[in-house]
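The values are calculated or read from the model by the stated rules, or taken from the named source; none is laboratory data. Small disclaimer: the values here were computed from a predicted structure and weren't measured. All Cβ positions, glycine included, derive from the backbone under ideal geometry; neighbour counts span all protein chains shown. Surface areas here come from the heavy atoms of the whole protein model, side chains and all, with no ligands, DNA or RNA. Shrake-Rupley method; radii C 1.70, N 1.55, O 1.52, S 1.80 Å.
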Amino acid sequence: MSVADRLKELGIDLPQVPQPLAIYRPAVRTRDLVYVSGQLPTVDGTVLHPGRLGVDVTVEQAKEAARVAAINALAAANTLLGSLEGCRVIRTVGMVACDPAFIDHPQVVNGASEVLRDVFGEEKGIGVRLAYGIACLPLNSPVEVELLLEVD
């Protein structure tokens, strides 16, 4: 099944890529690698579930936000490449804005990893991963997701 068919089956419409908040590109290709800048969980320009884990955002809310951030990252790659066909996830980085006592970062970032697995399949959708906590993120976002993709 093609990536486009999987997206359709999953009910995922890739959004317009949000305008960068500073001086950077949403995605850059070098040879067979695509680096996607950290993407926030924005929907129509608004951060989904703003705040920090362990303070005012639940794990389930943040997991949903990580899913949205990953979809925004896919949109950035798709805009650059014109298609997500032939892509494979190499690395997913998930930053979680949280209270210092919060320890469930991996559960939050699973929101991103699950959607990538569902879009690309087990073989191409699961790569290496880093999930870590951070004091705060831009726009009071609970998560930020960055991707490294390989293109056939």
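Details
- Single unsatisfied condition, Ala131 versus (1) hydrophobic (A, V, I, L, M, F, W, C); (2) under 15 Å from Pro41 (Cα atoms); (3) under 15 Å from the mean Cα position of the chain (by Cα); (4) surrounded by fewer than 22 Cβ atoms within 10 Å (Cβ to Cβ): (2)
- The residues of region 65-99 that are polar (S, T, N, Q), within 21 Å of Glu123 (Cα to Cα) and touching a Leu at 6+ places or on another chain (Cβ under 9 Å), listed by number, are Asn78, Thr92.
- Of all residues making up region 1-18, the number that are assigned to a loop (DSSP other than H, G, I, E, B), small (Gly, Ala, Ser) and in contact (Cβ under 8 Å) with a residue 40 or more places away in the chain: 1
- Thr58 being surrounded by 14 or more Cβ atoms within 10 Å (Cβ to Cβ) and more than 17 Å from the chain's Cα centre (by Cα): yes
- Test: residue in region 116-125 that is open to solvent by 30 Å² or more (accessible area, probe 1.4 Å), in contact (Cβ under 8 Å) with a residue 60 or more places away in the chain and either touching a Cys at 6+ places or on another chain (Cβ under 6 Å) or closer than 19 Å to Arg29 by Cα (or both): no
- Pair list, Cβ < 7 Å and 6+ apart or interchain, from region 68-85 residues that are among the small types (Gly, Ala, Ser) to residues that are modelled with pLDDT of 95 or more and part of a helix (DSSP H, G or I): Ala69/Ala112; Ala70/Ala112; Ala70/Val115; Ala70/Leu116
- Selection within region 19-41 - in contact (Cβ under 8 Å) with a residue 60 or more places away in the chain and open to solvent by less than 60 Å² (accessible area, probe 1.4 Å): Leu33, Val34, Val36, Ser37, Gly38, Gln39, Leu40, Pro41
For (1) within 19 Å of Pro15 (Cα to Cα); (2) in contact with a strand residue (DSSP E or B) (Cβ under 9 Å, 6 or more places away or on another chain), each residue gets a yes or a no:
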| position | (1), (2) |
| --- | --- |
| Thr42 | yes, no |
| Asp56 | no, no |
| Ala65 | yes, yes |
| Ala77 | yes, yes |
| Cys87 | yes, yes |
| Pro106 | no, yes |
| Ile134 | no, yes |
| Asp152 | no, yes |
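- Residues that are buried (at least 18 other Cβ atoms within 10 Å of the Cβ) and over 15 Å from Val128 (Cα atoms), drawn from region 88-104: Val96, Ala97, Cys98, Phe102
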